[in-house]
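**Student:** Structure below; questions to follow.
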């Protein structure tokens, strides 16, 4: 992130200096340098305020988990979290979410629907900028991934 920020600052400095040179005949005075420094500081503050803190990332993870708990497999009366279909939730400092998930079987008729629903519902969260649900079948899902609550709901206890 720091190198990217440095590149952005350098590009802005070069661009601003070139614009100033064109208008003022290559005469960069202290006033314009101070103005440029202030502009760059404001831009850096804006970039830094957009990044999530660790506490915010944890809050986003909890919000995503709670949202996923409201999504049900249409063929099974249990939410996809309790079924064990969610393998991982990752949140970037930019508030982008990646959900690694599976389905109960590769030929599941809801293969296209559930991941899209996960993406759309998570994107609705106000503290999330974007979401991508990645479907995997490695490792393959099996009933051991279900929570005790799911097993109870399905009469398996």
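**Student:** What ranking of 53, 126 emerges when the number of other C-beta atoms within 10 Å of each C-beta is taken as an exposure proxy, fewest first? Mind dumping the intermediate values first?
**Tutor:** Numbers: 53 9, 126 5.
Arranged by neighbour count, lowest to highest, 53, 126 become 126, 53.
**Student:** I've got another one for you. How long are the semi-axes of the equivalent ellipsoid of the range 94-142, taking √(5λ) for every eigenvalue λ of the Cα gyration tensor, in whole Å from largest down?
**Tutor:** Numbers: eigenvalues 105, 27, 8 Å².
Equivalent-ellipsoid dimensions as semi-axes: 23, 12, 6 Å.
**Student:** What order do you get for 99-111, 79-91 when each peptide is scored by the mean count of other beta carbon atoms within 10 Å, highest first? Walk me through the intermediate numbers first.
**Tutor:** Values: 99-111: 16.1, 79-91: 19.6.
Sorting 99-111, 79-91 by mean packing, highest first, produces 79-91, 99-111.
**Student:** To one decimal place, what orientation-averaged projected area in nm² is obtained for the convex hull of the Cα set of the range 73-157?
**Tutor:** Details: hull surface 23.3 nm².
Reported value for the Cα convex hull: 5.8 nm².
**Student:** Let's test the formula: R0 of 35 Å, r as the Cβ-Cβ distance of residue 58 and residue 111. What FRET efficiency results, to the nearest 0.05? Working shown, then result.
**Tutor:** On the way: r = 31 Å, r/R0 = 0.88.
It comes out at approximately 0.70.
Values quoted throughout were computed directly from the atomic coordinates according to the rules given, and no laboratory measurement underlies them. In this text, all values refer to a predicted model and were calculated from it rather than measured experimentally. All Cβ positions, glycine included, derive from the backbone under ideal geometry; neighbour counts span all protein chains shown.
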